[in-house]
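Notes follow once the structure below has been shown.
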Amino acid sequence: MATNAIDQTRRMLSLVTYLRERPGARIGDVARAFGITEDELISDLDVLPMCGTSFRGGDLLDIDTDGERIWWHNPDDVAEPLRLAADEATALLVAARAVATLPGLRESDRDALVRATAKLEAAAGEVAGASSRLSVTFESEGGVFADVDRAISERRRLWLRYYSPARDELTEREVDPIRLFAVGHTYMEGWCRLSEARRTFRLDRVAEIRLLDEPSAPPEIEVRDLSEGLVHPSADDPEVVVEVGPAGRWVAEYYPHDSAEELAGGGLRITLRTPSPSSLRRLALRLGRDGRIVSPVELAESARSAAREALAAYAEAAAAPGSPDPADIIADSPDPGPVPAPPGAVAADGRTHRTDRGQE
């Protein structure tokens, strides 16, 4: 049976309770109870002895099998009340105080968190005093997350000003939120009333957000399986061929692709598919000499035009009175900026191209 890390973790948590209540349970019976094969169960049992109540060891699960039955030798030891070390208590207190300050947090949740924090402070003693000298400041994404979470809970529509990198523009739209999830970045999935379709929004690209009084009423749609990541190219998507040098090999690790052929000098020729090839035009300006788009030709020409416009903007800025030398700007920049590409090809990058069909 196909599974993923999340499914396995959930199963193993349930397995611990199951085995505690059934000493000497037979492998076949346990496998049938969880709807998995005996080999999959053995694989879980190989992992469980590395789990426990402390990252420091000494409180790990002592579970083994004789090939027919499963034995848990220390269930009472790990069932003792959890005792937090000083660093663990400090981390919890700092995180709890930070979350309690998030804008948009439901008051009932905030009150519950404050009460729990007070109890933890009382139990932590002197550690609580040390933790009070630490603070965490969330970036703006934290406020957006809280507003989206509140909108989902209260079934309210959202208004967004959202940046779409594929079109390089800010748009205003109303969205009925469906869920929050994280795949590298944090995303909201919702029904966009501008496009009347399901769309995925990256929270750090939300420039402004407001909760509306209008109720959220997204249509009933099947929730997408994200166990293999956010990107799901289709065989019908246009094909793009990219050649990268040694410093650009990360593209093959980052992008789902059809093939990656080794080139002389340590480079790669990568064939991939994307529902929006034009989105690579903007991204192409950042890989510089480390890569180039080979095809389609129209995309290469479009990216070359963007590179020429960027260079012209640099030249114009350099000519303005009091402007710094462009060489200084480039030297101080963490990114070398666009450079002209050789004829027939153009630089290509994909660091922000974690897009899916339907992502804005």
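Here are the numbers for the structure shown:
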quantity	calculated
Where a residue in the range 22-44 is at positive phi and among the hydroxyl-bearing types (Ser, Thr, Tyr) and its partner, wherever it lies, is surrounded by 14 or more Cβ atoms within 10 Å (Cβ to Cβ) and at pLDDT below 90, with Cβ under 7 Å and at least six apart	none
Hits in the range 1-28 - residues which are outside any helix (DSSP H, G or I) and at pLDDT below 85	Met1, Ala2, Thr3, Asn4
Per-region count, the range 264-289, residues open to solvent by 40 Å² or more (accessible area, probe 1.4 Å), closer than 25 Å to Asp237 by Cα and either part of a strand (DSSP E or B) or modelled with pLDDT of 80 or more (or both)	2
Number of the exception - Val94 against (1) modelled with pLDDT of 80 or more; (2) more than 30 Å from Glu154 (Cα to Cα)	(2)
Which numbered condition Arg106 misses (of (1) touching a helix residue (DSSP H, G or I) at 6+ places or on another chain (Cβ under 8 Å); (2) basic (Lys, Arg); (3) at pLDDT 80 or above)	(3)
Single residue of the range 163-188 satisfying the filter (farther than 17 Å from Pro218 by Cβ, at pLDDT 80 or above and of a type outside the set (Asp, Glu)) that is surrounded by the fewest Cβ atoms within 10 Å (Cβ to Cβ)	Leu170
Which listed residue is among the charged types (D, E, K, R), open to solvent by less than 50 Å² (accessible area, probe 1.4 Å), modelled with pLDDT of 85 or more and more than 22 Å from the chain's Cα centre (by Cα), from Arg157, Arg210, Arg202	Arg157
Of all residues in the range 5-27 being open to solvent by less than 50 Å² (accessible area, probe 1.4 Å) and among the hydrophobic types (A, V, I, L, M, F, W, C), the one that is farthest from the chain's Cα centre (by Cα)	Ala25
Residues located in the range 29-58, provided they are at pLDDT 85 or above, under 20 Å from Asn74 (Cα atoms) and among the charged types (D, E, K, R)	Asp44, Asp46
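The values are calculated or read from the model by the stated rules, or taken from the named source; none is laboratory data. Just so it is clear, the structure is predicted and the values come from calculations on it, not from any experiment. Positions of Cβ are generated from backbone atoms using ideal geometry, with glycine treated the same way; all protein chains shown enter the neighbour counts. Side chains included, ligands, DNA and RNA excluded: accessible areas come from the protein's heavy atoms. Shrake-Rupley method; radii C 1.70, N 1.55, O 1.52, S 1.80 Å.
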